[in-house]
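Working notes for the structure below.
Since every read-out is calculated from the coordinates, none of them should be taken as a lab result. The structure displayed is predicted, hence computed values, not measured ones. With ideal geometry, Cβ positions are generated from the backbone for all residues, glycine too; neighbour counts draw on all protein chains shown.
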Amino acid sequence: MKASDLLQRHRDTWHAATAHVFLDAVRDGILPADAFATWLSQDYLFVCDLLWFQARLLARAPRNAQAAIASGLVALEAELSWFEAHAGQQHIDLDAPPRDVTQRYREMLRALDSASYAEAIGALWAIENVYFLSWQHAAPGAPAYREYVTHWTLPAFAEYVTQLECAFDAALATTGDADGGAATEQAVLAVVRLERAFWEMAWKSGAS
Ligand code: HMH
């Protein structure tokens, strides 16, 4: 099994997470302000959780994955400052409590600490690949959101996602695969489903 097999085998699940109506609205400039504010504040909480998860993952990563994971950590920390600056400009409260899906995502990242390294690096690849594909779907984005679209579609981000895919493929090639990779496939699918639910949560909060 390779990462690309998981994209092909679960095309509909990936599509639901990366072509969500939230992203159509970003592209078309019709996103309700509340939906954007909710996304920003919840994504800030998510990135805090992801930074912690990724730091724990680095501590058990094989040599071939250290550069990708470490560079991602530096980028995530910078991203938190970027979120803080944007939230400040737009008077968005970053102290909002986690919504249900944000909390469930937090718990999944915690649970991955005791899963195999292949599951954890697969989940990390899925997290970042969903964002890469999603923001490409929204490209070029209405002017108000163009900076966000650019952030996750830059060549450097594409390169990072490719590095994670290589690290994931290397893990898949070397692990014993006692269960035929079923646990890893489920970990990736759980991420992609949570990503869809995350857009849905932000979108619904703008519609209400
Ligand atoms: C929900 N998934 C979510 N937020 C993000 N910022 C990323 C992935 C990419 O880091």
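A few remarks follow.
- Applying Stokes-Einstein at 20 °C and 1.002 mPa s to the Kirkwood radius of the chain, computed over alpha-carbon pairs, gives a translational diffusion coefficient of 124 µm² s⁻¹.
- Gyration tensor verdict on segment 1-114 (Cα atoms; rounded if a/c is under 1.5, prolate if a/b is larger than b/c, oblate otherwise): oblate
- Applying the Karplus relation 6.51 cos²θ - 1.76 cosθ + 1.60 with θ = phi - 60° to segment 85-90 yields 3J(HN,Hα) values of 5, 5, 5, x, 4, 9 Hz, where x marks Gly and Pro.
- What the phi angles of segment 125-131 give under the Karplus curve with 6.51, -1.76 and 1.60, with θ = phi - 60°, is a coupling list of 4, 4, 4, 7, 5, 4, 5 Hz, glycine and proline written as x.
- Each Lys and Arg adds +1 at its Cβ and each Asp and Glu adds -1 at its Cβ; summed about the Cα centre, the chain shows a dipole of about 180 debye.
- Under Karplus coefficients 6.51, -1.76 and 1.60, residue-wise ³J(HN,Hα) of segment 134-148 in Hz, glycine/proline x: 4, 6, 5, 4, 7, 5, x, x, 4, x, 4, 10, 4, 5, 5
- Summed side-chain charge close to Val74 - residues other than Val74 whose Cβ falls under 15 Å, Lys, Arg +1, Asp, Glu -1: -4
- Per residue, the average separation of C-alpha pairs within less than 8 Å and at least 6 apart gives the chain a relative contact order of 41 percent.
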